[in-house]
Amino acid sequence: VGTGLVATALRAGGRDVLGVDLSPAMLAHAYRRMGARVAVGDARGLPLRARSCDNVLFVAALHAIRDVRAAFAEAARVLRPGGRVVVLAAPDDDAPVPGDDVYISLLSELPPHQRVVPPAVVGDAAAAAGLRPVASEPVTIGPMPQTPNQVADDIETRTWSNLWNVDGVVWARTVEPVIARLRAMPHPDEPRERPFAMH
């Protein structure tokens, strides 16, 4: 469920959402948005009964899951007949960023994601789990407004998976300067729109 941003939007649209995440830092953010509708869990072993979900969503999560096939097998296990697994995955770091993102140059200085899961791997994992791929296409989500201080807070609390295992030396050399520059931006509590591209 990450920070609960997408789950909160789904709930606002009338959907009943349960968020699962392995990261306590992510769940702390999600809990503030969703209350008790969050649970600690691994995508490869969800704390849910078989055939208990209408849909399963992986939103910007697959790059942090080592065994993508196991995650899809587990998604298929908890899915009701006729349900769907929806995947929104971050594009690779070389993909163009849509629109005007004032944060992009700063954030490009952070350590990159360790891995990107290509659509072909997603399709293979889905097929191995007995799921039939329906469509695959790039989408732009957003724009999503964030203040420089909110982005800096997300970095400081290691909310993003590419920051989880950054050691102290790399953190001091590459991450702390980014945080300082974000907090030094003019009007750091004024939201700026961030376009998000996903596939």
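Might you work out the accessible area of Arg11 for me, using a 1.4 Å probe with all protein chains in place, and round it to the nearest 10 Å²?
Result for Arg11: roughly 90 Å² accessible.
Where both partners of a DSSP beta bridge lie in the chain, what percent of those bridges are antiparallel, to the nearest 5? Each step should come with its number before you reach the end.
Details: 7 of 16 bridges.
For the chain, the DSSP antiparallel bridge percentage is about 45.
Enter the angle in degrees (range 0 to 90, nearest 10) between the Cα long axis of helix 24-34 and the first principal axis of the Cα atoms of the chain, meaning the one along which they spread out most.
The answer is roughly 80 degrees.
Which label marks the calculated value of mean projected area of the Cα convex hull in nm², given the options (1) 11.4; (2) 17.9; (3) 12.7?
Read-out taken from this structure: (1).
Would you mind checking the tilt of helix 68-78 against the longest principal axis of the Cα atoms of the chain, expressed as 0 to 90 degrees and rounded to 10?
50 degrees
Length gain on complete extension for the stretch Leu88 to Ala172, per 0.36 nm per residue less the alpha carbon to alpha carbon distance?
On the way: separation 84, 0.36 × 84 = 30.24 nm, distance 3.15 nm.
So the extension gain works out to 27.1 nm.
Once you have a ≥ b ≥ c as the square roots of the Cα gyration tensor eigenvalues for segment 30-80, tell me rounded if a/c is under 1.5, and otherwise prolate or oblate according to whether a/b is larger than b/c.
On the way: a/c = 1.96, a/b = 1.21, b/c = 1.61.
It is oblate, given that a/c is not under 1.5 and a/b is not larger than b/c.
Let me have the 222 nm mean residue ellipticity of the chain computed from DSSP H runs of 4+ only, each contributing -39500 (n - 2.57), with the sum over all residues rounded to the nearest 500. Write down the numbers at each step before the final one.
Details: 7 runs with 61 residues, N = 199.
The helix-only estimate for the chain comes to -8500 deg cm²/dmol at 222 nm.
Can you give the accessible area of Leu131 in Å² (nearest 10), computed on protein heavy atoms with a 1.4 Å probe?
Answer for Leu131: close to 40 Å² accessible.
Taking only protein heavy atoms and a 1.4 Å probe, what accessible area per residue, in Å², does the chain have with all protein chains in place?
Spelled out: the 1.4 Å probe surface of the chain, per residue, equals 57 Å².
The values are calculated or read from the model by the stated rules, or taken from the named source; none is laboratory data. Computed from a prediction, not measured in an experiment: that's the story for all the values here. To get the accessible areas, we keep the full protein, side chains included, count just its heavy atoms, and leave off ligands, DNA and RNA. Shrake-Rupley method; radii C 1.70, N 1.55, O 1.52, S 1.80 Å.
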